[in-house]
Amino acid sequence: MSRTYHIRTFGCQMNVHDSERAAGILETMGYRRSDEVADADLVLLNTCAVRENADNKLYGTLGHLKPLKDEHGTTIVVGGCLAQKDGGAITERAPWVDVVYGTHNLASLPRLLAEADSTELPVLELVETLETFPSALPAKREVRHHAWVSISVGCNNSCTFCIVPSLRGPENSRRAGDIIAEVEALVADGVVEVTLLGQNVNSYGRDLDSRPLFADLLRSMGTVDGLERVRFTSPHPRDFTEDVLHAMAETPNVCEHLHLPLQSGSDRVLRAMRRSYRSRRFLDLVDRTRDLLPDAALTTDLIVGFPGETDEDFEQTMEVVAQARFDQAFTFQYSPRPGTPAADMVDDFVAPDVVAARYQRLEALTRRQSHDAHAALVGTSRQLLVESPSKTDDTRLSGRTRGNHLVHFPRGTGEVAPGDLVTVDVVEAAANYAIAGAPTAVTTTRAGDATRAALARGDGWQLGADAVLTPPVGMSTPHGTTASGGRPVLPVLPILPA
Ligand code: SF4
């Protein structure tokens, strides 16, 4: 009887990517996924150190897991950014945790679990530099049609509110050939869409001898047969160069969607955040994007209440957001992150009621903009990549436009499945999604066919057991370290704030 695992992922897409690798490692060790935490022999928490109350979430969850440990001997594993930050403090506060590993040594999970099995004491291992690129590890994706592909890890910037550089280290780019090889393997496995991941994709390749440019990497995605869609996150406005816009415009499978984190519209606050660009530069980039990619959708991240933010600063944020007209915005109330420079600006902290009031106003503005963006789709015909059954209506399926807009449409007689591409006429808009009529055209894909077959077998639409994809042999280890000479790397591998 194979042992079961349950993974809980907190935070950004890079963590989702790493969790798919953790799942791949565990499945390669013979574990099978359990959807119910209570039924799992092993529970792995892949933690985040950015999102609000990250600590409370972790220790709260560990508190809930203790009874499982006491009653069933469940193995409890904590990994990711908060593990890298807190380390031994986790086993001090929760001595029922078995294994703690960090952001650089996911590849060591099998060895650490073996050590934990042979000792009563918790096993803790944190390393300061990346051992193996997570991408070199087997992956168990959630869905057949999409894959996260990390192109670099770490960040060389030093935004004063962000803890990522101290937890994920300096930028480390993968070799372009490895990225393309992985994408080709994914497409051969039925993947239709990939999202290229990096804390700052624009600085991709600067640490490699050959200095490949991100724009060239995007263009190379256009040479992968069968790859329908390419997305990427996160770019940094300071490093964003026009050649990337030209590569997007000239490479058919690169989607017309750009996530460009502004964070604040006040130059004074941007300086205090150490964001190294100003609002004029950002708006010029928005205008240039709309010149070269007229149909492009623009989304962003915004922080309200950064220490020292005045009413005037906030009005400047409202002004820049109004001019940029975003399709969607992820807005956050500033929360101090221990270990970041901004967390020490205690005397400048903005009163919570003031932050909440500003947040409400900004939310209302970005919500109106999002509604306008979805309303602009009404009366147009759009291609969707079908993602899943609608979460709110059984008679509908949900998909995304190339602009990443969420659209629900009638399921019809069931010949359409997640992974297929459909063309629909958009008939209605809401703040965060649109409604369309029945498909006017359907392009079935291998991912869609596999999903249809799974549904016909009575399996779910998501990827089931043993769907582990092992990367091509010789996939890169951090440059400067050698791969294991052709032998498969033993399974041992994260808006993405940006
Ligand atoms: S916010 Fe983004 S760019 Fe800034 S330090 Fe964090 S990860 Fe790097």
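The values are calculated or read from the model by the stated rules, or taken from the named source; none is laboratory data. Because the structure is a prediction, the values reported are computed rather than measured. Heads up, the Cβs are rebuilt from the backbone with ideal geometry, glycines too, and the neighbour counts pull from every protein chain shown. Side chains are part of the model used for accessible areas, which takes the heavy atoms of the whole protein and leaves out ligands, DNA and RNA. Shrake-Rupley method; radii C 1.70, N 1.55, O 1.52, S 1.80 Å.
For residues in segment 161-202 being closer than 26 Å to Ala83 by Cβ and of a type in the set (S, T, N, Q), which is farthest from the ligand (Cβ to nearest atom)?
Among those residues, the one meeting the criterion is Thr195.
Can you confirm whether Val191 is of a type in the set (A, V, I, L, M) and touching a strand residue (DSSP E or B) at 6+ places or on another chain (Cβ under 7 Å)?
So Val191 fits the description; yes.
Identify, from the list Pro488, Pro497, the residue that is open to solvent by 20 Å² or more (accessible area, probe 1.4 Å), within 16 Å of the ligand (Cβ to nearest atom), at pLDDT below 80 and not assigned by TED's automatic domain parsing to the domain that holds Arg144.
Checking each option against the conditions leaves just Pro497.
Suppose we filter segment 304-332 for residues that are buried (at least 16 other Cβ atoms within 10 Å of the Cβ) and touching a Pro at 6+ places or on another chain (Cβ under 9 Å); how many remain?
Number satisfying all stated conditions: 2.
Among residues belonging to segment 270-285 that are farther than 13 Å from Glu319 by Cβ and assigned to a helix (DSSP H, G or I), point out the one that is farthest from the ligand (Cβ to nearest atom).
The qualifying residue farthest from the ligand (Cβ to nearest atom) is Asp284.
Could you go through segment 215-232 and let me know if any residue there is open to solvent by 10 Å² or more (accessible area, probe 1.4 Å), of a type in the set (Ser, Thr, Tyr), assigned by TED's automatic domain parsing to the domain that holds Ser152 and at pLDDT below 95.
No: zero hits.
Yes or no: Thr289 of a type outside the set (Asp, Glu) and surrounded by fewer than 18 Cβ atoms within 10 Å (Cβ to Cβ)?
No.
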